[in-house]
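Each value in this text was obtained by applying a stated rule to the coordinates, not by laboratory testing. Note that the structure is predicted; figures quoted are calculated from it, not measured. Here the Cβ is made from the backbone with ideal geometry for all residues, glycine too, and neighbour counts use every protein chain on show.
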Amino acid sequence: MQELKKSVLVSLWFMFLTFPIMVVRVVEKSVVLRWENLAWIGIGSFVLSFVWRWALRRKEMGRAASREGANNPGLMAQLAGANPALVRAGSALLLVAFAVIPWLVTTYQTNILISFMLYVILGLGLNVIVGIAGLLFLGHAAFYAIGAYSYALLNQYFGLGFWVALPVGGIVASLAGVALAFPVLRLRGDYLAIVTLGFGEIVRLVLENWSSLTGGPSGVSNIPRPGLMNMELSVAGANIYIYYIVFVLAVITIVAVSRLKDSRIGRALQALREDEIACEAMGIDRVGVKLMAFGLGTAWAGFAGVVFAAKTTFINPASFTFFESAIILSIVVLGGMGSNLGVIMGSAFLVLLPEYMRAFSEYRMILFAAAMVLMMVFRPEGLIPATGRRYEVNDPELAASGEGR
Amino acid sequence: MGGVLDVTAVSMNFGGLRALNEVDMQVKSGEIVALIGPNGAGKTTFFNCITSIYAPTEGEVWFTPKQGARTRVNGMKPNLVTALGMARTFQNIRLFKNMSVLENVMIARHCRTRAGILGALFRPAAVRKEEREIVERSYELLKYIGLHRSYNEQACNLPYGAQRRLEIARALATDPTLLLLDEPAAGMNPQETESLKHLVQKIRDEMDIAILLIEHDMSMVMSLSERIYVMEYGCLIAQGTPAEVSMDPRVIKAYLGEEAHA
């Protein structure tokens, strides 16, 4: 009853607020009052407010329940932790599905999937910096650009092929990341975000204005696609070939990043995120670890950049604006910071959905915003929150007492 | 000399404020030494100076690890000081809150292990073995400290007393020669304090680690430590055995004020 009253109040308030724009209409010196609009707004806001309240209540209840139950893992955690064999079978199935897809769908669809996987690689790279090491980083697109331009320019001036450029692009981006890290070692949080944002813009502006080297705003064109043993591939064939390259690269990234997270280095990165002073007091070299975080994160952006240049055969600075960095960061934040599966879901959400919902493309930004608000309220830790690794210890005594969990 | 820790005339200025004024201290191997004093006396600043979190303005800090040469540690990076064999806990608990209890201890093995990026990516046998040893050693320490039942719990979910013990376990995981405890009993109830006391003694006896602790709980300080240093306003005002210190008029004055009635 209380809830009903509140919802009625909300709808009345909305009707009042929107009265001047939705109801009153001036047509040639006479005022038309569209009362039916008022009714629609009233009903709409009443329903929305009611649903909103119901969802909030449910969330509160869920939180209380999990507090009582102490350890009540979420659905995804249950799925992930349930049965290793099942998880393995599931991922094998997914791998096979992704391996055969390009033969079943159109070139257009393949293209969408390629960009999806590029964002997975970019997101996972950024996840090392933002999610694992906890350094808010807003210039990821710059390293994407550095990778792409390393291939484009090395090819244009020195005729280097794709397979040579791929590692070179990654290494160059990684070195650039380390070079950026040096001056920002002392910064944290917002300040770091601003400096990295600035760095991203610097890279883009340099690319735009150094016309003699980079071609300026018109970019670099005629970048060769990767060749397959000197065979001439059709456009569709080349596309499928690139699809497989990205696919393998994405799988390598997933494996590498999750291995990294579970290693001595990964633990040091997480310690850096949790507490810098304690991290130093425990014998971790703060400077070294920070440099490592940047180098390891930006390398993936470099790889993705090389593949991007090869895929589009044309690059210009307009592809690497701040908007790109923001999208990649949203992928990480929306998916769940520090969670690899989350990043994959995040990029599916932010890259695939807009493509398949072109019908609503005019409302894209509104839907984006709504999705962000909903997420902040209902899943503040991301779609799939990162779960810490659970270690198994071999302790018969503990097993005997039956308390090991 | 022959001390594990030799501090000579260390001073620390923060701008115009002299937080430490020519403090001397010596800790011998296998000793339990306490540092006491009223709030704001500079005890934690002193800890930060000897662990190189602060660089002291003047004075020298010399440290002699179990196997190794006497080294001057002021001005070194804090992580290298830890690697040398000086481990500490914090007054306001600084655990890695969102990581598991076991991982907290595992992180502290960082400076005693060596797997790098390539090792993490390719996981050769040596790295896998090292990783297993890290887990085993960390679990052993948790067992020693009595927290092994909750090894997979998140550190921030532990009760307060257990968090303090976990900090000690984490410090022990760096294989220290000298353990610095900053108010380990703060916020603990009498039972917890009592068991902490036994734990500290056990660590000294079984692991042969010298211990320097800051503590306000006088019953613990008096019964546990072999020697006590007393600080007030950044200066050392007394030192000696618990009996000597508790009779010292300057100490009584510092703690109870000019006209002592108690």
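Things to note:
- Whole-number percent relative contact order across the range A:196-333, with pairs defined as alpha carbons under 8 Å at least 6 apart: 42
- Whole-Å distance, taken between Cα centres, linking the range A:116-131 and the range B:199-262: 54
- Mean partner shielding of peptide B:142-150, defined as the number of other chain Cβ atoms within 10 Å of each residue Cβ, is 2.
- Rg of the Cα atoms in the range A:88-378, relative to 2.2 N^0.38 Å, amounts to 0.99.
- Coupling constants for the range A:369-380 follow from the phi torsions by the Karplus curve (6.51 cos²θ - 1.76 cosθ + 1.60, θ = phi - 60°), and in residue order they are 5, 4, 4, 4, 5, 4, 5, 4, 7, 9, 9, x Hz; glycine and proline get x.
- For the protein assembly as shown, the mean residue ellipticity at 222 nm estimated from helices alone is -18500 deg cm²/dmol, where every DSSP H run of n ≥ 4 contributes -39500 (n - 2.57) and the total is divided by all residues, rounded to the nearest 500.
- Model label points for residue A:86 and residue B:253, set 7 angstrom from Cα along the Cα-to-Cβ axis, are 7.4 nm apart.
- Positive-end residue of B:188, A:363, A:126, charge dipole of the protein assembly as shown with Cβ unit charges: A:363
- Across peptide B:90-101, the mean count of Cβ atoms from other chains lying within 10 Å of each residue's own Cβ comes to 4.
- Here is the size of the range A:329-395 from its Cα atoms: Rg then Dmax, 15.0, 59 Å.
- Near residue B:231, the amide H atoms lying under 5 Å from its own belong to B:36, B:37, B:237; only residues 5 or more places off or on other chains count, and H is placed 1.01 Å from N.
- For the range A:15-36 and the range A:191-259, distance of Cα centres in Å: 52
- In this structure, residue A:22 and residue A:64 have a Cβ-Cβ separation that, at R0 = 56 Å, corresponds to a calculated FRET efficiency of about 0.90.
- Between B:256, B:39, B:213, the Cα set farthest toward the positive side of the dipole of chain B (charges on each charged residue's Cβ, about the Cα centre) is that of B:213.
- Candidates A:239, A:37, A:222: whichever shows maximal mean-square fluctuation once chain A is modelled as a Gaussian network with Cα springs under 10 Å: A:37
- Close amide-amide hydrogen proximity is noted between residue B:213 and B:33, B:34, B:35, B:181, each under 5 Å apart and 5 or more residues distant or on a separate chain (H modeled in the peptide plane; Pro and chain starts excluded).
- Take each residue of peptide A:385-392, count the partner chain Cβ atoms within 10 Å of its Cβ, and average: the result is 4.
- Packing-based exposure ordering (other Cβ within 10 Å, fewest first) of B:110, B:148: B:148, B:110
- Phi-derived couplings, Karplus 6.51 cos²θ - 1.76 cosθ + 1.60 at θ = phi - 60°, listed residue by residue for the range A:44-51: x, 5, 4, 4, 4, 5, 5, 4 Hz, with x used for Gly and Pro.
- For A:375, B:99, the sequence from fewest to most other C-beta atoms within 10 Å is A:375, B:99.
- Three-way shape call for the range A:2-53 based on the alpha-carbon gyration tensor, with the a/c threshold at 1.5: prolate
- Straight-distance candidates among the lysines for linking to residue B:77, with alpha-carbon spacing under 25 Å and chain neighbours fewer than 8 residues away dropped: A:290, B:28, B:43, B:66, B:97.
- Förster radius 25 Å - calculated FRET efficiency between residue B:66 and residue A:259, Cβ distance, rounded to 0.05: 0.15
- Sorting B:170, B:227, B:70 from the fewest to the most surrounding beta carbons within 10 angstrom yields B:70, B:227, B:170.
- In the protein assembly as shown, taking the dipole from charged Cβ atoms about the Cα centre, the farthest positive-side position among A:143, B:27, A:281 is held by A:143.
- Value in Å of the Kirkwood radius, where the range B:96-173 supplies the Cα pairs that are averaged: 12.8
- Distance between the range B:53-124 and the range B:1-42 - C-alpha centres, whole angstrom: 20
- For the range A:6-11, 3J(HN,Hα) computed residue by residue from phi via the Karplus equation (6.51, -1.76, 1.60; θ = phi - 60°) reads 4, 5, 4, 4, 4, 5 Hz, glycine and proline entered as x.
- Residues residue B:186 and residue B:13, FRET efficiency given R0 of 22 Å [Cβ-Cβ distance, rounded to 0.05]: 0.20
- Sorted largest first, the principal axis extents computed over the alpha-carbon atoms of the range B:1-141 equal 53, 35, 28 Å.
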